[in-house]
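See below for the structure under consideration.
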Amino acid sequence: MMANELYQKQIIELARESRKRTRIDAPDTSIRFDNPLCGDRIDLDFSIEDGRISHIGFKVRGCALCEASSEVLAKNAIGYQLQELNKVGNKLSDYLVGTLDNPDWEGFEIFEPVKSVPSRHECVLLPFNAMRKAI
C-alpha cells in the first residue's frame, strides 16, 4: 500500500469518527465559520475550565478533509488554551505549505497528501480558522 493510500484511508476514518460528535449543550464559546469558496461550514463549541479547554463539540457540514481536521483538533485540544491552539493552527498551515517539516501534533501527518493541493488547504484549516475567530 502506498503512503498516499494509507493517509487517504486515515482521513476517511477520522471523518467518520467526526460525524459521531455532537455540539455542547451549554458551551462557554461557540463559533460558526464558513469557507465561502467551497461551502464547508463548522459550528464549533468549547467548554473552558481554568482558562483551558475541557470539552469540544462540533457539527461539520463539509468535505472529509474538514471533518478529519475537526476530529484531529477535538482529539488533541483538551487542556490547551485557545491562544495556544492559534499557534498550533499556524504550524499546520506552515506544514501544508512546506515551510515546516514536522507539525508536532498527533494526526497532522495524515494531511501530507494535501500539501500538493493548495486549493484544499483551507478545508484542512477550517476548524483552526474557526477557533481563531473565537480568540
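If only residues of the range 18-33 that are among the charged types (D, E, K, R) and more than 17 Å from Glu71 (Cα to Cα) are counted, the one that is surrounded by the most Cβ atoms within 10 Å (Cβ to Cβ) is Asp28. Give the residue that is nearest to Asn86 (Cα to Cα), with candidates limited to residues of the range 38-54 that are charged (D, E, K, R) and in contact with a strand residue (DSSP E or B) (Cβ under 6 Å, 6 or more places away or on another chain). Residue satisfying both the conditions and the ranking: Asp45.
Criterion first (farther than 13 Å from Leu44 by Cβ, over 9 Å from the mean Cα position of the chain (by Cα), in contact (Cβ under 8 Å) with a residue 24 or more places away in the chain and not in a helix (DSSP H, G or I)) does Glu106 satisfy it? Taking the combined requirement at face value, the residue satisfies it.
Considering Tyr95, Tyr80, the condition of being of a type in the set (Phe, Trp, Tyr), surrounded by fewer than 20 Cβ atoms within 10 Å (Cβ to Cβ), touching a Lys or Arg at 6+ places or on another chain (Cβ under 9 Å) and on the phi < 0 side of the Ramachandran plot is satisfied by Tyr80 alone.
Quick check on Cys123: is it of a type outside the set (A, V, I, L, M), in contact with a Lys or Arg (Cβ under 9 Å, 6 or more places away or on another chain), modelled with pLDDT under 95 and buried (at least 16 other Cβ atoms within 10 Å of the Cβ)? In short, no. Within the range 36-46, is there a residue that is more than 17 Å from His121 (Cβ to Cβ), among the β-branched types (Val, Ile, Thr) and surrounded by 13 or more Cβ atoms within 10 Å (Cβ to Cβ)? For the range 36-46, residues more than 17 Å from His121 (Cβ to Cβ), among the β-branched types (Val, Ile, Thr) and surrounded by 13 or more Cβ atoms within 10 Å (Cβ to Cβ): absent. The residues of the range 50-60 that are at pLDDT 95 or above and either of a type in the set (D, E, K, R) or over 17 Å from Thr22 (Cα atoms) (or both), listed by number, are Asp50, Arg52, Lys59. Residue count for the range 36-85, restricted to those that are of a type in the set (A, V, I, L, M, F, W, C), within 19 Å of Ile12 (Cβ to Cβ) and not in a loop (DSSP other than H, G, I, E, B): 10.
The values are calculated or read from the model by the stated rules, or taken from the named source; none is laboratory data. The structure displayed is predicted, hence computed values, not measured ones. Don't worry about glycine lacking a Cβ; one is built from the backbone with ideal geometry, like all the others, and counts go over all protein chains shown.
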